[in-house]
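Take a look at the structure below.
The values are calculated or read from the model by the stated rules, or taken from the named source; none is laboratory data. In this text, all values refer to a predicted model and were calculated from it rather than measured experimentally. FYI the Cβ positions are ideal-geometry reconstructions off the backbone, even for glycines, and counts take in every protein chain you see.
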Amino acid sequence: MVADLAALPLRPDWAGPGPLGLAEVARHALSTPGNPRIDLAHYPGHPQQPDGTPRPPQARAATDAEAAFLAIGDGARAWLTEAAAAGATRVRAKMAEAVELAALAGTAAVDAALGTAALAGRFADGDLLSITGYQAGPAAGGPVTIADEAYSAQPGTPAWAGFGTTAPETAP
């Protein structure tokens with residue numbers, strides 16, 4: 001990359017004491033078309049890690065209400081990131097409810113519930129209160145049961161298996 005040092009209003013430190021004019025300021029590695037090679041050191045404010053992987057999103061408070069929500073903890077940050085990614089509605093109202101709930105139930109309990117809600121993708125009205133209440137209750141005994149057909153309380157459908165079919169004809 002070449003820069004015209006004579007066109008700059010101030011001479012940068014990296015330009016050195018040489019004469020003004022065109023000077024090589026960076027040399028990029030060669031590449032093939034469609035495969036750019038970018039030196040991340042040239043873009044210090046770019047949202048990438050030094051190895052090129054994307055940086056995780058950072059929630060920043062723009063209002064006092066948002067700052068109060070983010071002060072709850074890492075669970076609040078995770079919830080906000082996941083809620084935004086999922087396209088949740090009424091996020092500001094739910095953030096205000098979380099701050100009120102943290103004042104009543106404690107910051108640690110609400111932070112844990114927000115983290116659980118973020119992991120489970122639970123962003124509906126009442127989900128945070130439900131999760132906080134469940135986590136505050138006595139621990140359920142035994143392993144966690146995942147709802148599937150093996151644990152279903154729904155009666156089976158063998159009686160309906162033949163519906164719409166004809167019975168096989170029997171020989172007389």
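Below, the figures for the structure above:
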{"read-out": "Any hit, the stretch 39-48, residues being assigned to a helix (DSSP H, G or I), touching a strand residue (DSSP E or B) at 6+ places or on another chain (Cβ under 7 Å), of a type outside the set (Val, Ile, Thr) and within 30 Å of Val25 (Cβ to Cβ)", "value": "yes"}
{"read-out": "Residue ID - nearest to Ala136 (Cα to Cα), chosen from residues in the stretch 63-118 that are surrounded by 13 or more Cβ atoms within 10 Å (Cβ to Cβ) and of a type in the set (Val, Ile, Thr)", "value": "Val110"}
{"read-out": "The stretch 94-104, residues that are in contact with a helix residue (DSSP H, G or I) (Cβ under 6 Å, 6 or more places away or on another chain) and farther than 10 Å from Ala68 by Cβ", "value": "Leu101"}
{"read-out": "Residue, farthest from Gln58 (Cα to Cα), within the stretch 14-38, restricted to residues that are at pLDDT below 75 and among the charged types (D, E, K, R)", "value": "Glu24"}
{"read-out": "The stretch 72-88: number of residues that are in a loop (DSSP other than H, G, I, E, B) and touching a residue at least 12 places away in the same chain (Cβ under 8 Å)", "value": "3"}
